[in-house]
Amino acid sequence: AIILAAGASARMGRPKALLHLRGETFLEAVLHGCAASGVNRCVVVVGPDVDNLLSTVDLGGVTVVRNPSPETGPIGSIRIALGELLNHPVEGVLVWHVDRPHVSVSTVTALIDRFHASDESIVLPEFDGHRGHPVIFGRAVFEEFLWVPDDEGARAVVRADPSRVAVVPVDDVAVTEDIDTPEAYEELLRRFDAGDASPPRSEDA
């Protein structure tokens, strides 16, 4: 898994990776989700606030890499993480944004199972007709991340060839959400406290 946690969190006003949900930080929740789904290696991409992150979250056993230019967006972080993996026998990577800590383990497991069972190089979830994240990218498309425009990012890889994309319907609204503003975070907490984890949707993948 590549866990993207290098963003400046400008809209949130504080590091999203260190926000809390159900007694753990967003980053811890994603790491635990990866472990529970059978992911055997995690690369966490961090930004300038790396010292604060490392002093708060136990990242033992996790590869941590720093994105010195987080303004390039998620695509820059993905490129850096892939650089750590290209010389390893990796079939595919699960790209998981840290601001979606509430994606269920069953969703991630369904994506991984579909990846192993199909010939498609890209596997993504869909909720209620809306595509979302996290997304699995097979090794066959890794090189494409090196040349896609920064402003298009991973979407350019997804949209380049629809025939190589597998869409997995899931009953998990979290795949369509970004928790990137104080309002979205408060709504997430309110809904979890009420037993209804259904915050607003983000833009589709």
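The values are calculated or read from the model by the stated rules, or taken from the named source; none is laboratory data. What you see is a predicted model; the values in this text were computed from it and never measured. No Cβ is skipped: glycine too gets one built from the backbone with ideal geometry, and neighbour counts run over all protein chains shown. Accessible surface is based on the protein model in full, side chains and every heavy atom, while ligands, DNA and RNA are left aside. Shrake-Rupley method; radii C 1.70, N 1.55, O 1.52, S 1.80 Å.
Listing for the model above:
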quantity: Long-range neighbours under 8 Å by Cβ, at least six apart or interchain, first residue among the basic types (Lys, Arg) within segment 96-120, second not in a loop (DSSP other than H, G, I, E, B); calculated: Arg100/Val30; Arg100/Ala174; Arg100/Val175; Arg114/Val123; Arg114/Ala166; Arg114/Val168
quantity: When residues of segment 1-28 are limited to those that are open to solvent by less than 10 Å² (accessible area, probe 1.4 Å) and in contact with a Lys or Arg (Cβ under 9 Å, 6 or more places away or on another chain), the one modelled with the lowest pLDDT; calculated: Ala6
quantity: Val103 vs. criteria assigned to a strand (DSSP E or B) and either within 15 Å of the chain's Cα centre (by Cα) or not hydrophobic (A, V, I, L, M, F, W, C) (or both); calculated: no
quantity: Of the criteria (1) open to solvent by less than 30 Å² (accessible area, probe 1.4 Å); (2) of a type outside the set (Ser, Thr, Tyr); (3) at positive phi, which one Gly61 fails; calculated: (1)
quantity: One residue from Val90, Val95 being open to solvent by 10 Å² or more (accessible area, probe 1.4 Å) and not in a helix (DSSP H, G or I); calculated: Val90
quantity: Some residue of segment 132-140 being open to solvent by 60 Å² or more (accessible area, probe 1.4 Å) and closer than 16 Å to Arg41 by Cα; calculated: yes
quantity: Residue check for Ile136: within 16 Å of the chain's Cα centre (by Cα) and under 24 Å from Glu28 (Cβ atoms); calculated: yes
quantity: Looking only at segment 145-160, and only at residues there that are open to solvent by 60 Å² or more (accessible area, probe 1.4 Å) and not in a helix (DSSP H, G or I), the one that is nearest to Arg114 (Cα to Cα); calculated: Ala160
quantity: The lone exception for Asn52 - which of (1) on the phi > 0 side of the Ramachandran plot; (2) open to solvent by 60 Å² or more (accessible area, probe 1.4 Å) it fails; calculated: (1)
quantity: Output for segment 175-189, where each listed residue is open to solvent by less than 10 Å² (accessible area, probe 1.4 Å) and closer than 19 Å to Ser9 by Cβ; calculated: Glu177, Ile179, Leu188
quantity: Which listed residue is of a type in the set (Lys, Arg) and more than 29 Å from Leu18 (Cβ to Cβ), from Arg114, Arg131; calculated: Arg114
quantity: Enumeration of residues in segment 98-131 that are acidic (Asp, Glu) and open to solvent by 40 Å² or more (accessible area, probe 1.4 Å); calculated: Asp113, Asp119, Glu120, Glu126, Asp128
quantity: Boolean, Leu111 is of a type outside the set (Val, Ile, Thr), part of a helix (DSSP H, G or I), within 18 Å of the chain's Cα centre (by Cα) and closer than 21 Å to Ser77 by Cβ; calculated: yes
quantity: Candidate set: segment 72-87, residues that are part of a loop (DSSP other than H, G, I, E, B) and in contact (Cβ under 8 Å) with a residue 24 or more places away in the chain; chosen: the one surrounded by the fewest Cβ atoms within 10 Å (Cβ to Cβ); calculated: Leu86
